[in-house]
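The structure appears right after this line, and notes come after that.
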Ligand code: 6GU
């Protein structure tokens with residue numbers, strides 16, 4: 001079973017490189033996930049291909065119009081069922097590992113990447129099943145949040161990570177993700193030494209992930 005992820009964006013180019021690099025690329029090459037990026041402008045039907053307009057009630061900036069989103073989303077919904085239609089928004093539920101685990105069980109996920117104050121709210125009302133924030137700060141748009149969600153979900157799909165990278169090695173203590181520090185050669189660099197316990201070669205005595213490296 002191959003997971004399918006559809007992302008709708010007004011700036012699809014911002015997603016291309018990250019989605020086609022490193023482990024996300026490998027996951028697609030291994031047919032563990034299919035990721036499709038849809039350009040909102042392709043669903044603008046007026047002759048100027050306009051996707052934004054002035055907000056009712058005034059105020060600065062432009063809003064993404066509802067029609068291109070509705071056209072694109074309804075076309076996708078005609079083709080398959082989606083387990084989650086994710087709407088990244090600073091007002092959403094805070095994203096965490098538990099939610100990533102849940103999303104990783106899905107067959108089909110859609111992510112609607114709008115802009116902060118930049119999307120007609122009827123799109124959210126009509127289609128969003130999961131409104132997600134990735135933290136307490138404001139981004140220029142939902143694309144980077146979409147990438148955060150995709151990255152954290154795809155690495156959990158069986159067969160995406162190799163044994164040495166395995167998500168099973170992720171350490172969780174008191175619900176916090178923690179990692180002990182790692183080192184490679186040289187054993188001494190600019191006077192800084194790798195801890196003796198790691199250099200001894202007695203790997204079985206090592207209990208990785210026990211000691212938090214969290215600084216705050
Ligand atoms: Cl999901 N979107 C935007 N624009 N800003 C955010 C966010 C999402 N999560 C935190 N800040």
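Key figures for this structure:
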item	result
Segment 11-31: number of residues that are out of contact with any strand residue (DSSP E or B) (no Cβ under 6 Å at 6 or more places or on another chain) and part of a loop (DSSP other than H, G, I, E, B)	5
Criterion: touching a strand residue (DSSP E or B) at 6+ places or on another chain (Cβ under 9 Å), away from the ligand (no atom under 16 Å from the Cβ), more than 26 Å from residue 17 (Cα to Cα) and without any contact (Cβ under 8 Å) to a residue 12 or more places away in the chain - qualifying residue of 54, 65, 98	54
Every residue from segment 15-27 that is within 26 Å of residue 68 (Cα to Cα) and crowded, with 18+ Cβ neighbours inside 10 Å	15, 19
Residues located in segment 101-131, provided they are assigned to a loop (DSSP other than H, G, I, E, B), away from the ligand (no atom under 14 Å from the Cβ) and more than 13 Å from the chain's Cα centre (by Cα)	105, 106, 107, 120, 129
Candidate set from segment 133-178 (those that are more than 16 Å from the ligand (Cβ to nearest atom) and at positive phi); member that is surrounded by the fewest Cβ atoms within 10 Å (Cβ to Cβ)	174
Matching residues, segment 70-89, being under 15 Å from residue 121 (Cα atoms), surrounded by 19 or more Cβ atoms within 10 Å (Cβ to Cβ) and more than 16 Å from the ligand (Cβ to nearest atom)	73
Residues (out of contact with any helix residue (DSSP H, G or I) (no Cβ under 9 Å at 6 or more places or on another chain), under 23 Å from residue 72 (Cα atoms) and in contact (Cβ under 8 Å) with a residue 60 or more places away in the chain) located in segment 1-33	4
Qualifying residue in segment 132-143 (condition: part of a helix (DSSP H, G or I) and in contact (Cβ under 8 Å) with a residue 60 or more places away in the chain)	yes
Any hit, segment 179-198, residues being within 30 Å of residue 55 (Cα to Cα) and either modelled with pLDDT under 95 or touching a strand residue (DSSP E or B) at 6+ places or on another chain (Cβ under 9 Å) (or both)	no
Long-range neighbours under 8 Å by Cβ, at least six apart or interchain, first residue over 25 Å from residue 104 (Cα atoms) within segment 34-47, second at pLDDT 95 or above and in a strand (DSSP E or B)	40/8; 40/9; 40/64
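The values are calculated or read from the model by the stated rules, or taken from the named source; none is laboratory data. None of these values were measured; they are calculated from a predicted model. Note that each Cβ is placed from the backbone with ideal geometry, even for glycine, and that neighbours are counted across all protein chains shown.
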